[in-house]
Every structure is written in structure tokens, then in C-alpha cells.
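J.: Take a look at the following structure, please.
Any read-out appearing in this document is the output of simple, stated calculations on the displayed coordinates, not a laboratory observation. Worth saying up front: this structure is predicted, and the values here are computed from it rather than measured. Cβ coordinates were reconstructed from backbone atoms using ideal geometry, including for glycine residues, and neighbour counts include every protein chain displayed.
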Amino acid sequence: MELRDTAKASDGHELSVTRYPAEGEAWGTLLVATAMGVRQDFYEPFARHCATRGLHVLTFDWRGMGASAPERLRGFETDLVTWAERDLGAMLREARALAPCLPAFALGHSLGGQLFGAAAESAGLAGIVTVTAGVGWYRHNDRMPFRVRLFWFVFLPLFTALLGYFPGKRLRMVGDLPAGVAWQWRRWSTRPEYVLSEGPAMRARYDALRVPMLGWSFEDDAIITKPAVDALHGFYRGASVERRHVAPRERGGERIGHFGFFRRGIGEGLWTETIAWLRAGVPA
């Protein structure tokens, strides 16, 4: 049975977490880092499945998001680098503490998979899986170019400036975002270097990560395209990266898109392959 709780980020800020204890003999721990604007509850079916397969799983909400959000986002200070350094770093330690003697793994969905290189604690992982995680540069998206440009150059800057946060729920775009997150995300997404536009120190962090990685992408993903995913994994120059790009016709024809990996029925075959990849990295 999962346990809903709180855990402290590296600066003491409390984050909402959910722990899923492994069933039977455990062989590893898994941290799930969520996509932008997606609550940790969305990953519950996947987390429960992994727990039944012998993994201790930890999910969490970034500060300012989901159950980690304050009553009012206006005036709440945070940004993406803070998420990576203080939230993700601390949650990697928290997940490892679930079973300190077992290998520790992490899986990141979209934004979650973009930030591992910025968290020093990622270096201690036995493996990383990314799902639809790519460089967010707007020119990588050629499937809905008008909507993408409208988002980055009109809606996000206009409403964030007016309200002091981005009201994504009301606009049915992403979700409500703290202003610092929205502005930094926009800055990254209007530059081809994306997160690496933070400068040489950030580039050095990504170069230094030497961990086996599995990167999933899907042909029918209208949000993050294959070139964007390939570009992101090119940032991890020291890692051993395996890419798997899937067309729905190869998996029965059902739509997968940006979120289908985590849905029962659609994603369960992909879950099995992912767990097998993680298991293969555990010493016998």
C-alpha cells in the first residue's frame, strides 16, 4: 500500500511525495520525476506496477506544483534550476534511502527527463530512463507550429506578466506555473541550446553524467518530436544512451503520444520492456 507523505528538498522546502513499497523481494529503487504541469498522481498506475515487480518507487510534486503548491502562486519564487538542484537532487537521495543497499534508478517524463544532468546526485544512479523527454526549443516542433509560437510568444509572456504566474489550468495549457518557472522555461525554449543556455557550468554538468540511459520517444507525439529527443540525449555526452523510437502501428495501432506510456493497457507492454532494461543493469 502506498504512503503519502512529505519530504524536504535540500533547502528545507517541503515537497509532497508518495512511496510505493516493493512487493516480494526488492531489487532496486526508482524515482519518478514528473512532466511540467503533471501531478504525481498521474503516475500511480505505473508506480504500482513497478512495485509489484520488485521496485521501491517514489513519486513527488515539484515545489509550486500539485500537492506541493502554495495556496497562491503569485509571488511564489522558484525556477527550473531550483527544481533540478534542490528538489530533484533531494528526491534522488530520498529514493535511494528507501533501500540504501540496492541499486537506485530514476525515470523522468518530459521535463523530468530533461533535468537529470543538472542534478549532481544523478551521478550515483545505476540507470536513467526518459520518456518523451526532449529539447523544448520551439523550432523542433513542426507538427503544430502556429500553436507553439502562440504559446511561447503571446500567451505565456502576456498572462505571466499580468497575473504574476501562468494560469495554465484556465487556459487548458500545461497547468498553473510559478512565474520563475514560466519565464525560465520560455527562455530555454526560445534557444536551441535549451538548458545548456545557462552557461558553461551547466554544460559541464551534463557532460559529466556517466550513467546508462534509455530514452523513449513516440512517432505520434505532437508535443516532443524525435529530433527534439535526439537533441536532448546528445547533451548527455558522457552517458551510454540507448534510444527507442516507437510508431503506434508497431504496438497494435493505439495512440501513444506524449502521455500514453503511463496509461494502463496502452503502456503496459512498454512498462515490461522498461523494467527488463532496468533489471539487466543489476549485477546477478
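J.: Compute the Cα gyration tensor for segment 1-91, then decide on rounded, prolate or oblate, letting a ≥ b ≥ c be the square roots of its eigenvalues: rounded whenever a/c is under 1.5, prolate when a/b is larger than b/c in the other cases, and oblate in all that remain.
T.: prolate
J.: Can you tell me how much longer the chain between R263 and S240 gets when fully stretched, taken as 0.36 nm per residue apart minus their C-alpha distance, in nm with one decimal?
T.: The span from R263 to S240 would gain 5.5 nm if fully extended.
J.: What are the GluC sites (Glu not before Pro) within segment 204-284 that DSSP puts in a loop, where the Cβ has at most 15 other Cβ atoms within 10 Å?
T.: In loop regions of segment 204-284 (DSSP not H, G, I, E or B), the sparsely surrounded GluC sites (Glu not before Pro) are E219, E254.
J.: If you don't mind, another one. Can you give me the Rg/Rh ratio for segment 95-170, using Cα atoms for both radii and the Kirkwood formula for Rh?
T.: Taking Rg over the Kirkwood Rh, I get 1.14.
J.: Let me ask you something else. Shape call for segment 151-256 from the C-alpha gyration tensor, a ≥ b ≥ c root eigenvalues: rounded (a/c under 1.5), prolate (a/b greater than b/c) or oblate?
T.: oblate
J.: Residues with amide H under 5 Å of V246's amide H, sequence separation 5 or more or different chain, H placed in the peptide plane at 1.01 Å from N; which?
T.: Under 5 Å from the amide H of V246 lie the amide H atoms of S217, F218, E219, each far enough along the sequence or on another chain.
J.: If you don't mind, there's one more thing I want to ask. What does a probe at E2 reach in segment 32-50, counting residues whose amide N is under 13 Å from the point 7 Å along Cα→Cβ?
T.: In segment 32-50, the label zone of E2 (backbone N under 13 Å from the point 7 Å along Cα→Cβ) covers 32-34, 39-50.
J.: Could you tell me the distance between the Cα centroids of segment 168-239 and segment 243-284, to the nearest Å?
T.: Segment 168-239 and segment 243-284 have Cα centres spaced 21 Å from each other.
J.: On a full-extension model of 0.36 nm per residue, what is the gain between E71 and D11, subtracting their alpha-carbon distance, rounded to one decimal in nm?
T.: 19.6 nm
J.: Sequence-distant or interchain residues sharing an amide H contact under 5 Å with L214, placed H: which?
T.: I128, V129, T130, E242
J.: While we're looking at this one, here's another question. Convert 10 °C to kelvin, take the viscosity as 1.306 mPa s, use the Kirkwood radius over C-alpha pairs of the chain as Rh, and evaluate the Stokes-Einstein diffusion coefficient in µm²/s, rounded to a whole number.
T.: 84
J.: While we're here: Based on DSSP H runs of at least 4 residues, each adding -39500 (n - 2.57), what is the mean residue ellipticity at 222 nm of the chain after dividing by all its residues, to the nearest 500 deg cm²/dmol?
T.: Mean residue ellipticity at 222 nm (helix-derived): -8000 deg cm²/dmol.
J.: Rounding to the nearest 20 debye, state how big the charge dipole of the chain is about its Cα centre with +1 on each Lys and Arg Cβ and -1 on each Asp and Glu Cβ.
T.: The calculation lands at about 640 debye.
J.: Name the residue, out of G64, G12, G175, whose mean-square fluctuation peaks in a Gaussian network model built on the chain with Cα pairs under 10 Å.
T.: G12
J.: Using only the Cα atoms of segment 214-284, build the gyration tensor, take square roots of its eigenvalues as a ≥ b ≥ c, and label the shape rounded, prolate or oblate: rounded if a/c is under 1.5, else prolate if a/b is larger than b/c, else oblate.
T.: Oblate.
J.: Then there is this: For the chain, modelled as a Gaussian network with Cα springs under 10 Å, which listed residue fluctuates most, L58, L196, L150?
T.: L150
J.: OK, next. Which one, A35, A247, A231, has the greatest fluctuation when you compute a Gaussian network model over the chain with C-alpha springs under 10 angstrom?
T.: A247
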